[in-house]
Amino acid sequence: MSKIEKVLATGKTHTIAHGQKGNLDIQLSSPGSAKPAHVFANALPHPTAEQLFAGAWSACYTAAVGLVANDLNVVLPADMSVDIEVDLGQTGPAYYLQARLTLRVPGIAPDIAKTLAHTADQICPYSKATRGNIDVALSVITE
């Protein structure tokens with residue numbers, strides 16, 4: 001697996017669990033451009049591929065955390081969240097992805113939080129699909 005030497009763009013998501021409703025706020029853009037790449041008169045703007053991937057992965061991973069918590073009889077805090085960042089990068093002429101997942105479970109004991117994070121990573125289909133294909137860092141915050 002190759003390491004990214006230069007990050008070109010990063011798609012970031014912050015997902016809150018427990019059925020809280022929200023809006024998906026997205027725009028269509030190209031790596032390296034702060035402005036939307038296209039303007040649609042009658043359509044909402046769309047995200048980069050990295051944002052879409054991070055968003056889908058965070059929804060799946062958040063659900064996996066809930067399943068693991070249920071299996072372990074752990075009550076997740078109301079402010080539990082998942083942050084995922086997906087980088088598009090380059091090493092020489094080749095393009096690659098890498099990702100960082102952060103599970104925030106305030107008030108949960110660190111050992112239980114790590115078990116939740118790593119077990120959810122083992123069952124989440126997006127995590128399975130990326131395992132061994134891209135670099136992924138998984139971290140836990142309990143404060």
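When the chain is fully extended, how far beyond the present Cα-Cα distance does residue 139 get from residue 71, taking 0.36 nm per residue of separation?
My answer for the length gained is 22.4 nm.
Bin by bin, in steps of 5 Å, what percent of the Cα pairs in region 71-128 do you find, going until the bin that has the longest distance?
Answer for region 71-128: a P(r) of 4, 15, 22, 22, 14, 9, 6, 5, 3, 1 percent.
Within 10 Å of each residue's Cβ, count the other Cβ atoms and sort 80, 1 from fewest upward.
By the 10 Å Cβ count, ascending, the order reads 1, 80.
Coordinate-derived values only; no laboratory data. Note that the coordinates shown come from a computational prediction; the quantities given were computed from them, not determined experimentally. Neighbour counts are summed over all protein chains in view; Cβ atoms, including those assigned to glycine, are modelled from backbone coordinates with ideal geometry.
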